[in-house]
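Novice: Once you've had a glance at the structure underneath, I'll fire off some questions.
The values are calculated or read from the model by the stated rules, or taken from the named source; none is laboratory data. Since the model is a prediction, treat every value here as computed from it, not as a measurement. When we count neighbours, we look across all protein chains shown, and the Cβ atoms used for this are built from the backbone with ideal geometry, even at glycine.
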Amino acid sequence: MKAKNKFAAMLTVVTVGLTTSLSSVQAYSESSNLDNKRKPELVFPVISDVHIDDGSTADMNKFKTAMDQLNKAAPKQDAFVVVGDLTDYGYATEYDKFFSIYNEKKQGDVQSMFTMGNHDYWNGLSVEKAQDRFLEKTGMDSLYYHKKVNGYDFITLSPENGNTHGLYSVNQINWLGEKLAGAEKENPDQPIFVFLHQHIKDTVYGSDLWGTQENKELLYDTLKKHPQVITFSGHSHYPLEDPRTIHQKDFTSVGTSSVSYLELEPGKLQGFHPEGYRDISQGMLVEVYNNEVVIKKRDFHKDDWTGKPWVIKNPSKKINLNIQTTEISCHRLLQLQTRLRL
């Protein structure tokens, strides 16, 4: 059996039986009647953890493959987002290799958005100089910023040092709160997209080990005031096939996996890095319609989609007792049942 097939079989074993999260994702997929003839109002890929490395061409080839497939799947993109770890060490030469591919493959009028990742700091420079290099090489105006794309709000955060768990300062989080409040006031019925490298603690698969730690309560509490928020984060490299990679409670969180390679949580029979893990390359394509957000998961190593799309219905609406029960996660149903008994 080839390594890729072995890894796919292992992944099936790892993810089987995760019924609580899976039921929520299935409900969204099954309740939506996807019509390929519809024209989305907004289209953008989200990838992360490209890890361009001076010592190897393997990740450059994976990045080229990912860009080619996303361009074929979505020939008219409005934005392209990379949520951190563009490079393996943040060397100038690694950025140059990244952008030699990106600038060749990107669509002409696409809005490019990048966040820093912890690896982009690991170059021996001071924090300030590493940030300066990131801004110079990416062309971003600042470490965190807000853009409008086709009338939709894109808010991009970056960790403020190279710590594995990241640092999102009080100042950055307060800025985020102001931008969220302004976006909701202007367009209360639209989703708000937030991008960051490290997962928000205790949300998606991998956030328990790889999520934010410092100021984590302030960050979560800032986001939970706005149920229409959809966050995208990388860092853990955990697989898109796992149903826990999408999390919905006070807002929606999505893990973006990795273009470079996959990892699993510690304690699995197959190990943290099972056989064939470097053959796996994943990312996603997001389509936004007037009443739902569709997230398509891509196996770049297979040149194919993986699983059903995640379809988030009415992301600006809070869950209430009047909506169909098929759109309520098992966890949320238990919460409601407990309250009704009291």
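Novice: Report, by residue number, each residue of the range 153-166 that is of a type in the set (S, T, N, Q) and either modelled with pLDDT under 95 or part of a loop (DSSP other than H, G, I, E, B) (or both).
Specialist: Of the residues in the range 153-166, the ones of a type in the set (S, T, N, Q) are 156, 158, 161, 163-164.
Those that are of a type in the set (S, T, N, Q) and either modelled with pLDDT under 95 or part of a loop (DSSP other than H, G, I, E, B) (or both): 158, 161, 163, 164.
Novice: A further question follows. Hey, does the range 265-279 have a residue that's under 16 Å from the mean Cα position of the chain (by Cα) and touching a residue at least 24 places away in the same chain (Cβ under 8 Å)?
Specialist: There is no residue in the range 265-279 that is under 16 Å from the mean Cα position of the chain (by Cα) and touching a residue at least 24 places away in the same chain (Cβ under 8 Å).
Novice: Let me ask something else. The conditions are (1) surrounded by fewer than 14 Cβ atoms within 10 Å (Cβ to Cβ); (2) charged (D, E, K, R); (3) touching a strand residue (DSSP E or B) at 6+ places or on another chain (Cβ under 7 Å), and residue 141 fails exactly one of them. Which is it?
Specialist: Looking at each condition in turn, residue 141 falls short on (3).
Novice: Would you be able to say whether some residue in the range 10-24 is at pLDDT 95 or above, hydrophobic (A, V, I, L, M, F, W, C) and surrounded by 19 or more Cβ atoms within 10 Å (Cβ to Cβ)?
Specialist: No, there is no match, as no residue in the range 10-24 is at pLDDT 95 or above, hydrophobic (A, V, I, L, M, F, W, C) and surrounded by 19 or more Cβ atoms within 10 Å (Cβ to Cβ).
Novice: Further question on the same structure: Give the range 215-241 a look and list any residue that's of a type in the set (A, V, I, L, M, F, W, C) and more than 16 Å from the chain's Cα centre (by Cα), or say none.
Specialist: Once the filter is applied, which keeps residues that are of a type in the set (A, V, I, L, M, F, W, C) and more than 16 Å from the chain's Cα centre (by Cα), the range 215-241 yields 218, 219.
Novice: Give me a count of the residues in the range 196-227 that are polar (S, T, N, Q), surrounded by fewer than 23 Cβ atoms within 10 Å (Cβ to Cβ) and not in a helix (DSSP H, G or I). Can you show your working first?
Specialist: Kept after step one, since they are polar (S, T, N, Q), are these residues of the range 196-227: 198, 203, 207, 212-213, 215, 222.
Now narrow it down to the ones that are surrounded by fewer than 23 Cβ atoms within 10 Å (Cβ to Cβ): 213, 215, 222.
Filter once more, so that each one left must be not in a helix (DSSP H, G or I): 213, 215.
Residues in the range 196-227 being polar (S, T, N, Q), surrounded by fewer than 23 Cβ atoms within 10 Å (Cβ to Cβ) and not in a helix (DSSP H, G or I): 2 in total.
Novice: Is it true that some residue in the range 176-188 is buried (at least 17 other Cβ atoms within 10 Å of the Cβ), at pLDDT 95 or above and part of a loop (DSSP other than H, G, I, E, B)?
Specialist: No; the residues of the range 176-188 include none that is buried (at least 17 other Cβ atoms within 10 Å of the Cβ), at pLDDT 95 or above and part of a loop (DSSP other than H, G, I, E, B).
Novice: Return the residues of the range 112-132 that are in a helix (DSSP H, G or I) and either surrounded by fewer than 16 Cβ atoms within 10 Å (Cβ to Cβ) or in contact with a helix residue (DSSP H, G or I) (Cβ under 9 Å, 6 or more places away or on another chain) (or both); say none if nothing qualifies.
Specialist: Listed by number, the residues that qualify are 120, 121, 127, 128, 129, 130, 131, 132.
Novice: Taking the stated definitions as given, is residue 221 modelled with pLDDT under 95 and either touching a strand residue (DSSP E or B) at 6+ places or on another chain (Cβ under 9 Å) or on the phi < 0 side of the Ramachandran plot (or both)? Before you say what the answer is, go through the steps one by one.
Specialist: Numbers: modelled with pLDDT under 95: no; either touching a strand residue (DSSP E or B) at 6+ places or on another chain (Cβ under 9 Å) or on the phi < 0 side of the Ramachandran plot (or both): yes.
When the stated conditions are applied, residue 221 does not pass them.
Novice: If you don't mind, another one. When you check residue 253 against the structure, is it small (Gly, Ala, Ser), surrounded by 21 or more Cβ atoms within 10 Å (Cβ to Cβ), in contact with a Ser or Thr (Cβ under 7 Å, 6 or more places away or on another chain) and under 21 Å from residue 173 (Cβ atoms), yes or no?
Specialist: Numbers: small (Gly, Ala, Ser): yes; surrounded by 21 or more Cβ atoms within 10 Å (Cβ to Cβ): yes; in contact with a Ser or Thr (Cβ under 7 Å, 6 or more places away or on another chain): yes; under 21 Å from residue 173 (Cβ atoms): yes.
Judged against the criteria, residue 253 is a match.
Novice: Residue 294 passes all but one of (1) more than 18 Å from residue 46 (Cβ to Cβ); (2) in contact with an Asp or Glu (Cβ under 7 Å, 6 or more places away or on another chain); which number fails?
Specialist: In the conditions (1) more than 18 Å from residue 46 (Cβ to Cβ); (2) in contact with an Asp or Glu (Cβ under 7 Å, 6 or more places away or on another chain), residue 294 misses (1) alone.
Novice: For the range 136-152, indicate whether the set of residues that are touching a His at 6+ places or on another chain (Cβ under 6 Å), at pLDDT 95 or above, under 15 Å from residue 198 (Cβ atoms) and assigned to a loop (DSSP other than H, G, I, E, B) is non-empty.
Specialist: From the range 136-152, those touching a His at 6+ places or on another chain (Cβ under 6 Å) are none; that's our starting set.
Scanning the range 136-152 turns up no residue that is touching a His at 6+ places or on another chain (Cβ under 6 Å), at pLDDT 95 or above, under 15 Å from residue 198 (Cβ atoms) and assigned to a loop (DSSP other than H, G, I, E, B).
Novice: Also: How many of the residues making up the range 228-252 are under 17 Å from residue 183 (Cβ atoms) and in a loop (DSSP other than H, G, I, E, B)?
Specialist: Total meeting the criteria: 3.
Novice: Tally time: how many residues in the range 44-76 are among the β-branched types (Val, Ile, Thr) and surrounded by fewer than 22 Cβ atoms within 10 Å (Cβ to Cβ)?
Specialist: Initial filter on the range 44-76 (among the β-branched types (Val, Ile, Thr)): 46-47, 50, 52, 57, 65.
Still in the running and surrounded by fewer than 22 Cβ atoms within 10 Å (Cβ to Cβ): 57, 65.
Residues meeting the conditions: 2.
Novice: Would you kindly identify the strands (runs of 3 or more DSSP E) lying entirely within the range 253-342 that contain at least 1 residues that are modelled with pLDDT of 95 or more, in contact with a Leu (Cβ under 7 Å, 6 or more places away or on another chain) and closer than 27 Å to residue 58 by Cα?
Specialist: The qualifying strands (runs of 3 or more DSSP E) are 282-288, 292-299.
Novice: Of the numbered conditions (1) farther than 27 Å from residue 210 by Cα; (2) among the polar types (S, T, N, Q); (3) over 19 Å from the mean Cα position of the chain (by Cα), residue 69 satisfies every one except a single condition; which is it?
Specialist: (3)
Novice: If a residue has to be surrounded by fewer than 23 Cβ atoms within 10 Å (Cβ to Cβ) and under 18 Å from residue 232 (Cβ atoms) to count, how many in the range 264-287 make the cut?
Specialist: 2
Novice: Here's a check for you: in the range 95-111, which residue that is more than 22 Å from the chain's Cα centre (by Cα) and in a helix (DSSP H, G or I) is surrounded by the most Cβ atoms within 10 Å (Cβ to Cβ)?
Specialist: For the range 95-111, the residue satisfying everything is 97.
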